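S.K.: Provided herewith is a single structure, encoded as C-alpha cells, for subsequent inquiry.
No lab work stands behind these numbers, since they all come straight from the coordinates. Values in this document were obtained by computation on a predicted structure and should not be read as measured data. A quick note on method: Cβ atoms are made from the backbone with ideal geometry, for glycine too, and the neighbour counts reach across all protein chains shown.
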Amino acid sequence: MFEIFASLQAAWALVNGADPALARIVALSLELSLAAALLGAAIGLPLGALVAVGRFPGRRAVIVALNALLGLPSVVVGLLVYLMLSRAGPLGSWGLLFTPTAIVMAQSLLVAPIVAALARQTCEDAWRDYEEQLTSLGVSRARAVPTLLWDARYSLLTTVLAGFGRAASEVGAVMIVGGNIDGVTRVMTTAIALETSKGDLPLALALGFVLILVVLVVNAAAYGLREWSVRRHG
Amino acid sequence: MVESPPLLAARDLTVVLGGVKALDGLSLDLMAGRRTVILGANGAGKSVLLRTLHGLIAPSAGTLSWARPHRQAMVFQRPVMLRRSAIDNVTYALSVNGIPAKERAARAASALERVGLAPIAERPARALSGGEQQRLALARAWALKPEILFLDEPTASLDPGASAEVERVISAIADEGTRIVMTTHHLGQARRLADEIVFLHAGRTVERTPVADFFRQPASKEASLFLKGELPWT
Ligand SMILES: Nc1ncnc2c1ncn2[C@@H]1O[C@H](COP(=O)(O)OP(=O)(O)O)[C@@H](O)[C@H]1O
Ligand SMILES: [Mg+2]
C-alpha cells in the first residue's frame, strides 16, 4: 500500500517537473498518433462516404474487408505490418521496421477502418435525408461524396478524434513494429508496459496520468464540438 | 391557330411502388406558359406524379418526352438545406449546374433578394424558420432559371403568414415565365395560383379544367365529391 503511494508521489513529481525523458515519450506519442489519425482519416473518410452512397462493383468486397480489419486483433495487424516490413517482406527494402514510420503505418491501419465504419454510418444517414433533394439539384453520387463529408464535418471530426484516441492507446501492434527503442520508437503505451514489467512504477504511472489526461481532453473536445455544431447548425 | 407541341408529354405512365400501382396508365401534356395545380384525394398519386415527371422515379411503363432541352427544378414539402449559410446553399446548386464561379455570387444574391432573404443571406440555412427555409428552397430553384418548376405541397408545413409569402414568390416565379406544376391541399391556394386544375384519382387523370370552371362545376363525379369534402384528402 505504502509502496503504491510512494510511486504515485514520484510519478506526480515527474509530471510536475516536466521530466525530459517523460516529455520526449509524450511528444513522440502525440506526434505519431496525430499523424496516424490524419492518415487514417484521409483513407477512411472518403472510403466510408463512397461506400455509403456508391453503387460500384466491389462495394461488398470493400465492406467485408473493412469489417474484417475492424474485427482483427491489433497484434495481428502489427504482425501483418511486421511481415510486410521485415527484411524478407515485400517492403523490406524500405528499411522501415523499428522506425516511427512503421508505428504510424500500423496505427493508421487500425484507425482507418474505424473512421471508415463511422463515416459510412454517418454518410448513409445523411444520404437518406439528402438523396432526393440532391438528385433533384443535379448532384451525382460521386459529387455527393464531398458534399456529404463536408455537411457531416462536425460529427466526422469527432470520428477522427476517436481514431486519434485509438492510435494513442495502442500497445501490441506498436510494440511489434516499433520495438520500443528508447529515444526512437518508445511511446507512452510501450513505455508503460516495459517500465511496469521492470518494476519502475513511477514512470509507468506518470505516463498513465498523461495518457488519461490526453484521452479526457480528446473526449471533451469531441463533446464540445458536437454541442457547438448543434447550437450553430441544428 | 395550331398550338406548339407540349413542353412535356407523359403517355400511359405506370409506377408501381411497394406492390401498389401509384400511377396507373396516366397521360398528361404540359403546354408552356401555364400554371397547373394538381388536386386529388390523399394517395391519389400527386406526389408520385411530380417525382416521376421530374425524373426522380423511373416509370415501370409509359414514356416521358420533352419538346427540347430544358432546365427543371423541384421544391419539396420539407426542403433539405445543407449545413452552410443560406447564400452558400444557392451557390452550391449553381456550381453543381455548371454556372461559372464568377457569376454565382451575383446570381445567388439576386435570387435571395427576390424572395426577401437578402438580409439573412449569411445565416446558417438550418437555423432559419420553416417559412424562410421554404423561400430559400424557392430561391435555390429560381437561381437555376428553370423552364419548369415542380412544387409538392410547398406550404403544407407552414403557418398562414409564411404560406402567403411562399405563394407570393411562386406567383413571381410564374410571372417571369417559369412553367409551374404544383400540388396543394389548400383549395384557396389552388384558386389563386392555378390557370388550370388537373384532378387525379387512383393514379389516373380524371379531368383537366380551367380553374374557374373547376370550382364552379367540375366535370367528373370524383372531383365533385372531392370539393364537397366527401373524399378523404390531406
Ligand atoms: N415509397 C413508396 N412505397 C410504397 N408505396 C408508395 C410510396 N410512395 C407512394 N406510395 C403509394 O402510392 C400512392 C400514391 O402516393 P402519393 O403520390 O404520395 O399520393 P398523394 O396524392 O397523396 O401525394 C399511395 O397509395 C401511396 O401509399
Ligand atoms: Mg403527396
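S.K.: Can you give the FRET efficiency to the nearest 0.05 for A:GLU227 and A:THR196, using r as the Cβ-Cβ distance and R₀ = 45 Å? The partial results should precede the final answer.
M.R.: On the way: r = 37 Å, r/R0 = 0.82.
E between A:GLU227 and A:THR196, to the nearest 0.05, is 0.75.
S.K.: Mean separation of Cα pairs under 8 Å and 6+ residues apart, divided by the residue count of segment B:124-185: what relative contact order is that in percent?
M.R.: Numbers: 55 pairs, mean separation 27.2, N = 62.
It comes to 44 percent, rounded to a whole number.
S.K.: Work out the count of Lys pairs in the protein assembly as shown where the Cα-Cα distance is under 22 Å, with the pair 8 or more places apart or on different chains. Working shown, then result.
M.R.: Details: B:LYS21/B:LYS46; B:LYS21/B:LYS221; B:LYS46/B:LYS221; B:LYS46/B:LYS228; B:LYS102/B:LYS145.
Going through the protein assembly as shown pair by pair, I get 5.
S.K.: Still on this structure, I have one more. So for the pair B:ALA164, B:SER4, with labels modelled 7 Å out along Cα→Cβ, what separation do we get in nm?
M.R.: In this crude label model, B:ALA164 to B:SER4 measures out at 3.6 nm.
S.K.: Please average, across the residues of A:133-142, the number of beta carbons from any other chain that are within 10 Å of each residue's own beta carbon, and give a whole number. Display every interim value, and only then the final one.
M.R.: On the way: counts 12, 5, 4, 13, 13, 8, 4, 1, 0, 0.
Taking all residues of A:133-142 together, the mean is 6.
S.K.: Now, a different point. Just to be sure I follow the definition: excluding the sites themselves, where is the longest run in chain A that has none of the trypsin sites (Lys or Arg not before Pro) in a DSSP loop with at most 15 other Cβ atoms within 10 Å? Please list the in-between numbers first.
M.R.: Values: sites that count: A:ARG55, A:ARG87.
Answer from the scan: A:88-234.
S.K.: Given the Cα-Cα distance of A:LEU8 and A:ILE63 and 0.36 nm per residue of separation, how much length would full extension add, in nm?
M.R.: On the way: separation 55, 0.36 × 55 = 19.80 nm, distance 4.58 nm.
This chain segment gains 15.2 nm when fully extended.
S.K.: Using only Cα atoms, find the angle between the long axis of helix A:201-233 and the longest principal axis of chain A, and express it within 0 to 90 degrees, rounded to the nearest 10.
M.R.: 20
S.K.: Moving on. Taking only Cα atoms, what is the 0 to 90° angle, nearest 10, from helix A:188-198's long axis to the longest principal axis of chain A?
M.R.: On a 0 to 90 degree scale, this one is about 30.
S.K.: Next question. In nm, give the distance between the simple-model label positions of A:ILE212 and B:GLU113, each being 7 Å from the Cα along the Cα-to-Cβ direction.
M.R.: Between A:ILE212 and B:GLU113, the label points sit 6.2 nm apart.
S.K.: Hey, in the GNM for chain A with a 10 angstrom Cα cutoff, which one of A:GLY92, A:GLY44, A:GLY172 fluctuates hardest?
M.R.: Result: A:GLY92 has the largest fluctuation of those listed.
S.K.: Using Cα pairs closer than 8 Å and at least 6 residues apart in sequence, work out the relative contact order for chain A, in percent. Let's see the in-between values first.
M.R.: On the way: 305 pairs, mean separation 74.4, N = 234.
The normalised contact order for chain A reaches 32 percent.
S.K.: Can you give the calculated 222 nm mean residue ellipticity of the protein assembly as shown, where each DSSP H run of n ≥ 4 adds -39,500 (n - 2.57) and the sum is split over every residue, rounded to the nearest 500 deg cm²/dmol? Before the final figure, lay out the partial values.
M.R.: Numbers: 18 runs with 274 residues, N = 468.
Value at 222 nm, helices only: -19000 deg cm²/dmol.
S.K.: I've got another one for you. Taking springs between alpha-carbon atoms closer than 10 angstrom, which of B:LYS102, B:LYS221, B:LYS21 fluctuates most in the Gaussian network model of chain B?
M.R.: B:LYS102
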